[in-house]
Amino acid sequence: MERSTGGGDRPRRDPIDPGRRSPGAAVECRGHSTPGQFRRDDGLGLSFRASRHARPPPPIPPFRTCLPRPGRYRRHGPCGRLWARKGAGAPLSCTPIADRPRMGRGMMARLWLGVAAVGLSAAIGYGGTAQTPAKKIGPVAVDPAIKAKLPPGLLLVRTRKSINALSAAELASLRRGFAQMIAWNSAPRDSADFRRSLKFWANIHAYFGAHCRDVSGLSNAGMSGLSAQSDSNPTETATWCTCKHGSNQFLTWHRMYLYYFEQVLRQASGDSSLTLPYWDYEADAHIPAAYRAATWVDGGTTKPNPLFVANRQAELNAGTAAIDPDLVDPSGAMAQTSYLPFNSAIEGTPHGNVHCATGVAGCPTGYMGSVPAAGNDPIFYSHHANIDRLYECWLQGDLAARLPTGAPTTASYSFVNGSGAQVTRTASDMLTTQQLAYRYTAGGGCPIRFHLPPIVWQEVPWRRIPILGPTPVERGITRAPIRLPAEMRAQIVGTAANPPTRQATLVLEGLRFDEIPRVMFKVALQGKDGKQATVGVINFFNETAPPHRDTNDMAGMAAPDERRFEATAALRALGGEEGQLVLIPTTGLAGGNAQAAVQTMSPRTNLRIGGARIELR
Ligand SMILES: [Cu+2]
């Protein structure tokens with residue numbers, strides 16, 4: 001049985017009283033590890049169960065998509081990890097590959113690889129969710145580079161695991177891979193080896209220097225070891241400083257970036273079974289031990305741990321503190337039902353929050369807290385693997401309705417493959433992990449949430465209601481009174497006779513500052529009874545990014561000075577028309593307090609918001 005990596009049993013926190021278990025405002029299904037209590041979903045191999053604290057199901061159980069559709073699944077004995085779905089005309093079989101030597105050291109691979117024979121031309125059907133009827137999508141093309149290496153009809157599906165679930169041998173391979181990529185930093189500039197170096201890959205994301213972000217950022221805290229860079233040949237010009245932030249292609253670009261990074265890392269490690277692990281901070285928000293140790297022992301020799309960098313927030317890097325759970329909670333993103341709002345929501349929380357919390361003193365300090373420096377920290381790649389995992393998890397909730405359209409599918413990006421050769425691919429080649437023949441083990445943060453009772457599932461705003469004017473953000477906790485019109489409350493909260501019909505988004509508009517504040521701000525709503533419900537977090541990671549090169553990036557995006565938060569549950573919990581909008585500064589540590597955060601806050605930030613509104617949909 002697949003085991004979740006921990007945390008799957010953690011009850012959902014009540015939005016008003018974090019110490020109390022939710023009485024069942026939503027039915028949710030979470031990764032769970034007790035045998036016999038859960039069923040499998042398809043695609044990701046995720047396991048789910050209905051929350052014990054859920055209300056009794058209504059006549060049509062809203063969690064039905066958590067259950068396998070009867071008769072359409074089977075488990076393959078030899079590799080018990082794989083649940084395959086019977087598709088029309090797509091016979092599946094599962095055969096373990098015999099153990100094989102690894103690293104030329106006589107070690108035998110411990111990992112059994114599943115080989116699924118897939119009828120590639122068969123249409124893959126996906127069932128609908130509680131919100132949409134069942135839909136079919138057309139054939140999904142598999143990466144030709146993968147297909148070419150396999151016998152006809154065979155497809156090797158690789159599995160990305162949690163960093164905390166790697167075997168000693170797998171972790172050793174990961175370390176050898178990063179050590180080799182770091183060694184390639186000093187390879188000749190125009191060589192394939194330099195194109196496979198960690199420096200080259202960090203520069204693909206972004207760097208300080210000509211044609212990217214200005215070099216003034218090098219003087220921020222935590223940038224030791226970095227220097228100004230500039231592209232010096234056509235491959236560097238085509239690939240460097242191409243990351244997409246504050247863009248409709250945040251998810252598609254980073255998916256392809258990781259895909260080729262993983263190929264290079266695998267080549268560098270000498271282990272053909274290596275996959276990129278993910279950092280599942282919802283299950284455990286400490287920096288994983290693998291990234292914190294200063295040294296490791298390789299065959300009896302003590303070596304520097306290539307996964308460690310000193311340039312991180314000290315308490316996190318010492319393992320004495322974890323990231324605040326509110327910062328890593330993906331539920332606001334997971335509540336979205338179409339690509340663009342999801343792409344933006346997850347880029348903020350948990351993505352940007354984890355960046356800013358991991359940097360030495362918030363954004364824009366290094367490495368993780370600054371876009372041009374982030375790729376120099378090996379944990380960056382596991383952070384993004386987790387974002388990619390959450391993306392896939394969300395996509396599979398209703399694939400046909402959630403796949404992107406427009407620029408995020410037609411854009412092409414250039415990277416370097418495992419041989420160090422430049423490759424240019426279209427985003428539509430890589431929309432699902434199935435196309436790329438990898439998958440993720442179950443982890444935290446992938447709840448499928450269904451709000452009760454059913455509400456309107458459209459992203460189109462129905463009404464915009466201003467609730468706050470221009471407001472300065474204090475050096476401390478900011479409290480601004482808000483008042484919800486009675487009619488709006490009725491739409492969101494409802495009564496016994498008239499159930500609620502709308503979802504609400506809280507939008508903070510016109511965010512301005514003179515200098516990036518370094519701290520983040522938790523955004524909460526507080527009722528007259530003093531109870532607070534956190535709706536989200538403001539971070540300033542995107543403000544450290546190089547300027548956009550392509551205006552197509554912005555199609556369908558909200559203004560960059562807006563922050564949007566799913567706020568339906570918090571507004572329902574407000575308990576009346578009067579309340580407060582509360583902004584609480586944080587450095588991102590669990591248990592941290594606002595007074596300590598003020599010490600980190602830039603004295604020159606002069607942060608203010610232009611106003612706030614509620615959007616009903
Ligand atoms: Cu990132």
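The values are calculated or read from the model by the stated rules, or taken from the named source; none is laboratory data. Since the structure is predicted, the reported quantities are computational estimates derived from the model, not experimental observations. Ideal geometry is used to build each Cβ from the backbone, glycine not excepted, and the neighbour counts take in all protein chains shown. Each accessible area value is taken on the protein alone, full model and side chains, heavy atoms only, with ligands, DNA and RNA left out. Shrake-Rupley method; radii C 1.70, N 1.55, O 1.52, S 1.80 Å.
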Test of the criteria: in segment 175-213, which trypsin sites (Lys or Arg not before Pro) are in a DSSP loop and have at most 14 other Cβ atoms within 10 angstrom of their Cβ? Arg189
Have a look at segment 169-254 and give its Rg and Dmax from the Cα atoms, expressed in angstrom. 14.3, 42
Could you work out the percent of alpha carbon pairs in segment 456-616 separated by over 29 Å, rounded to a whole number? 23 percent
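Calculate what fraction, in whole %, of the accessible area of segment 456-616 sits on carbon and sulfur atoms when a 1.4 Å probe is rolled over the protein chains. Can you show the working numbers first?
On the way: 3680 of 7300 Å².
Taking all protein chains in place, segment 456-616 shows 50 percent carbon and sulfur surface.
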Reduced to Cα centres, the span from segment 249-281 to segment 548-595 in Å works out to 30 Å
